[in-house]
Amino acid sequence: MLIFSPINMEVKFELNQLEKASLELKKNINHNVVLICGEMGAGKTTLIKELLSLMSVIDNVSSPTFSIINEYSTDKNEIIYHMDLYRIEDISELDNIGFFEYLESGKTCLIEWGEMIEEMIDSEYNKFTIAREDNLRIIKKNR
C-alpha cells in the first residue's frame, strides 16, 4: 500500500515498498545537503541505505553512528557523505571534525538527526521526516 501525495511530498509505505518510497524521496531532493529526521527506530538509516543504493554507491554501506561520517563512492566516481549526529553531545564537536566543511564541499551530504544543526546551516538544504504509523512509515518533505 504505497500512497503518494505530490503536493507537499508525503509517501506512506510498508517496509516491503522501501525501494519505491526511496525513489520518490530521491526525486524530491534538489540540494546537496539533506536532513533526514525522525524518532529513534523510525527507519532513518534503513531509508538512507536504500537511497544510497539508488544513487549507485559501490561501497559497503554501514551506519555512521560511531564514526559520525562515512564516505562512499558511486559508480560515477562521485563522493557522498552519510552522517549521523545521534552521538553528538555538544555542537562544538562538529567544529573539531570539520563537519561544516563537508556541508560546503558541494558533495551530497545525507544527515541523520539533522534537526540538531538545522539552524546552523548556511546553504540551501532539503529536510525530510520519517515517522511510524502502525505498520506503515511516512516520509514527508519539510523543506
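Where a number appears in this text, it was derived from the coordinates with a stated rule and is not lab data. No experiment lies behind these values; they were computed from the predicted model shown. Positions of Cβ are generated from backbone atoms using ideal geometry, with glycine treated the same way; all protein chains shown enter the neighbour counts.
Hey, what angle do you get for helix 44-54 against the long axis of the chain, alpha-carbon based, 0 to 90 degrees rounded to 10?
The angle comes out at about 90 degrees.
Starting from the Cα of Met120, step 7 Å toward the Cβ, then list every residue of region 66-104 with an amide N under 16 Å from that point.
Only 68-69, 83-104 pass the distance filter.
Within the set of other residues whose C-beta is less than 11 Å from the C-beta of Tyr125, count the net charge using Lys and Arg as +1 and Asp and Glu as -1.
That sum, taken over residues with Cβ under 11 Å, equals -1.
Please report how far the C-alpha centroid of region 8-79 lies from that of region 93-109, rounded to the nearest whole angstrom.
A separation of 18 Å, based on Cα centres.
Run the reach check for Lys76 against lysines, Cα to Cα strictly under 26 Å, same-chain hits fewer than 8 apart removed. What comes back?
Correct list for Lys76: Lys20, Lys26, Lys27, Lys44, Lys49, Lys107, Lys127.
Relative contact order (percent) for region 31-128, with alpha-carbon contacts under 8 angstrom and 6 or more residues of separation?
Result for region 31-128 is 42 percent.
If you compute mean projected area of the Cα convex hull in nm² for the structure shown, which of (i) 11.7; (ii) 8.3; (iii) 9.4 do you land on?
Here the calculated entry is (ii).
Work out from phi, with θ = phi - 60° and the Karplus expression 6.51 cos²θ - 1.76 cosθ + 1.60, the ³J(HN,Hα) of each residue of region 77-87, listed in order in whole Hz, and give x for Gly and Pro.
6, 9, 10, 10, 9, 10, 10, 9, 9, 4, 8
Return one number: the angle in degrees, 0 to 90 and rounded to the nearest 10, between the long axis of the Cα atoms of helix 18-27 and the longest principal axis of the Cα atoms of the chain.
Tilt of helix 18-27: around 60 degrees.
What number comes out for the charge environment of Ala42, summing +1 per Lys or Arg and -1 per Asp or Glu over other residues with Cβ under 11 Å away?
Local charge sum for Ala42: 0.
Select from region 34-83 those trypsin sites (Lys or Arg not before Pro) which occupy a DSSP coil region and have at most 12 other Cβ atoms within 10 Å, ordered by residue number. Spell out each step's value before the answer.
Values: sites: Lys44, Lys49, Lys76; in loops: Lys76.
Here the trypsin sites (Lys or Arg not before Pro) that fit, given the DSSP loop and packing criteria, are Lys76.
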